[in-house]
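Data block below; observations after.
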Amino acid sequence: MIRRLACMALLSLTLAAAPHPASDRPAIGGVSHLAVYSTDAAKTRDFYTRVLGAREGSDPENPAGKRYYFSPRQFVEVLPAPATHGPSMLAHVAYATLDAAGLRRWLAANGMTGLSPVQRSADGDQWFTTHDPEGNEVQFVQSASADTAAVPGAISGRIIHVGFAVHDRAKQDGFYRQLLGFRPYWYGAFDASKVDWVSQQTPDGHDWLEYMMVGPGSDVPLEKVDANQLGVLNHLSLGVRNMEEAVTTLYRADRLSPRHDGPQMGRDGKWQANLYDPDGTRVELMEFQPVTKPCCSAFTADSPTQ
């Protein structure tokens with residue numbers, strides 16, 4: 001009897017340690033927000049509200065921060081730059097989930113450590129924080145709002161992707177693809193023999209994460225990765241239906257940021273244009289659908305339509 005109980009106890013421990021199947025993972029539907037640092041709150045406010053047309057709101061995560069909403073569920077979080085923030089102005093990236101507490105339990109059951117407790121804001125949003133293998137802070141946010149309508153006057157109501165510098169693709173894939181279930185979407189480069197950008201969609205939606213590859217195998221040597229380059233690499237993208245119409249709207253209202261470029265045809269076959277906030281973080285306008293054949297690889301998943 002004692003031996004049988006011991007065997008049952010060992011079996012229970014084994015089952016508890018076994019990975020939970022991906023089918024048990026709460027949905028990760030898309031991008032929630034990008035958080036960036038700012039050295040000049042007034043100039044940053046002007047960029048996100050006047051240039052991009054976002055709605056300013058308080059920040060339940062940090063009383064010193066602000067949120068700039070493109071829709072009730074998607075926004076840029078702006079935080080005061082720490083005295084020792086380094087060359088990167090990226091604070092964290094965040095993805096949307098339908099069940100923050102459940103996703104945290106699932107990650108813990110699959111061996112993930114360094115998970116913060118689930119926090120709740122006064123308006124009902126819930127979130128928790130972890131880090132990817134290269135140390136980037138990652139949040140998962142359960143929004144209390146079901147409203148996805150664009151903020152009136154915003155140049156776009158839809159963040160379709162976020163991107164940041166990546167050094168080790170295999171290491172990052174272990175977290176984003178193997179554990180979380182992000183799905184291949186497209187990859188490409190200026191030089192077709194290299195890989196500069198690796199895009200993978202969220203497991204349960206059409207938004208995507210873009211690895212901005214640096215170092216060997218890419219067009220960006222490590223010695224070039226300074227503050228200016230990191231502002232280009234660490235970015236978010238706003239989806240627009242018609243690039244000519246979007247840029248014309250900004251131009252006619254004198255809303256183009258002092259630093260901007262494009263429109264131009266991206267290597268993925270989509271029209272894009274770039275605006276830059278006062279600290280150099282790039283905000284890319286991108287049409288939802290490609291209009292020509294992409295370089296380097298075919299799309300392996302459907303593009304967002306709105």
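The values are calculated or read from the model by the stated rules, or taken from the named source; none is laboratory data. Note that the structure is predicted; figures quoted are calculated from it, not measured. All Cβ positions, glycine included, derive from the backbone under ideal geometry; neighbour counts span all protein chains shown. Areas reflect the complete protein model, heavy atoms only, side chains present, ligands, DNA and RNA absent. Shrake-Rupley method; radii C 1.70, N 1.55, O 1.52, S 1.80 Å.
Here the range 269-306 is the region considered, the condition is being among the hydroxyl-bearing types (Ser, Thr, Tyr) and surrounded by 15 or more Cβ atoms within 10 Å (Cβ to Cβ), and the residue that is nearest to Leu236 (Cα to Cα) is Thr281. Of all residues in the range 35-61, those that are β-branched (Val, Ile, Thr) and buried (at least 19 other Cβ atoms within 10 Å of the Cβ) total 3. Among residues that are under 22 Å from Met265 (Cα atoms), open to solvent by 10 Å² or more (accessible area, probe 1.4 Å) and in a strand (DSSP E or B), Tyr187 is included.
Would you please name the residue that is farthest from Gly205 (Cα to Cα), looking only at residues in the range 62-72 that are open to solvent by 20 Å² or more (accessible area, probe 1.4 Å) and not aliphatic (A, V, I, L, M)? Of everything passing the filter in the range 62-72, Pro63 is farthest from Gly205 (Cα to Cα).
The rows are residues; the columns are (1) out of contact with any His (no Cβ under 6 Å at 6 or more places or on another chain); (2) modelled with pLDDT under 95; (3) acidic (Asp, Glu); (4) within 24 Å of Leu285 (Cβ to Cβ).
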| position | (1), (2), (3), (4) |
| --- | --- |
| Phe175 | yes, no, no, no |
| Gln178 | yes, no, no, no |
| Ala192 | yes, yes, no, no |
| Trp197 | yes, no, no, yes |
| Asp204 | yes, no, yes, no |
| Gln229 | yes, no, no, yes |
| Leu238 | yes, no, no, yes |
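The residues of the range 143-171 that are closer than 28 Å to Phe70 by Cα, in a loop (DSSP other than H, G, I, E, B), of a type outside the set (Ser, Thr, Tyr) and under 18 Å from the mean Cα position of the chain (by Cα), listed by number, are Gly157, Arg158. Selection of the range 73-85 for residues being open to solvent by 40 Å² or more (accessible area, probe 1.4 Å) and outside any strand (DSSP E or B) yields Arg73, Pro82, Ala83, Thr84, His85. Of the residues that make up the range 144-155, is at least one hydroxyl-bearing (Ser, Thr, Tyr), out of contact with any Pro (no Cβ under 6 Å at 6 or more places or on another chain) and at pLDDT 95 or above? Looking for residues that are hydroxyl-bearing (Ser, Thr, Tyr), out of contact with any Pro (no Cβ under 6 Å at 6 or more places or on another chain) and at pLDDT 95 or above, one finds none in the range 144-155, hence no.
Annotation: of all residues in the range 191-209 being open to solvent by less than 20 Å² (accessible area, probe 1.4 Å) and assigned to a strand (DSSP E or B), the one that is farthest from Phe140 (Cα to Cα) is Val198. From the list Gln272, Gln289, the one residue that fits, being part of a strand (DSSP E or B) and over 18 Å from Met89 (Cβ atoms), is Gln272. Answer with yes or no whether Asp123 is farther than 30 Å from Arg255 by Cα, open to solvent by 10 Å² or more (accessible area, probe 1.4 Å) and at pLDDT below 95. Yes, satisfied.
Note on the range 33-56: residues that are among the small types (Gly, Ala, Ser), under 17 Å from Ile159 (Cα atoms) and out of contact with any Leu (no Cβ under 8 Å at 6 or more places or on another chain) amount to 2. Of the residues that sit in the range 224-243 and are assigned to a helix (DSSP H, G or I) and closer than 27 Å to Ala81 by Cβ, which one is most open to solvent (accessible area, probe 1.4 Å)? Out of the qualifying residues, it is Lys224. Consider Arg255 carefully, then state whether it is open to solvent by 30 Å² or more (accessible area, probe 1.4 Å) and under 30 Å from Ala81 (Cα atoms). Criteria met by Arg255. Taken as a whole, the structure places Ala246 among residues that are in a helix (DSSP H, G or I), touching a residue at least 12 places away in the same chain (Cβ under 8 Å) and farther than 21 Å from Ala35 by Cβ. Within the set Gly135, Gly111, Gly102, Gly174, the sole residue that is over 19 Å from the mean Cα position of the chain (by Cα), of a type in the set (Gly, Ala, Ser) and exposed (fewer than 15 other Cβ atoms within 10 Å of the Cβ) turns out to be Gly111.
Only residues that are under 19 Å from the mean Cα position of the chain (by Cα) and β-branched (Val, Ile, Thr): list them for the range 35-88, please. Answer for the range 35-88, where residues must be under 19 Å from the mean Cα position of the chain (by Cα) and β-branched (Val, Ile, Thr): Val36, Val76, Val78. So if I check each of Asp226, Asp268, Asp279, Asp261, which one is in contact (Cβ under 8 Å) with a residue 24 or more places away in the chain, acidic (Asp, Glu), over 29 Å from Arg183 (Cβ atoms) and in contact with a strand residue (DSSP E or B) (Cβ under 7 Å, 6 or more places away or on another chain)? It is Asp279.
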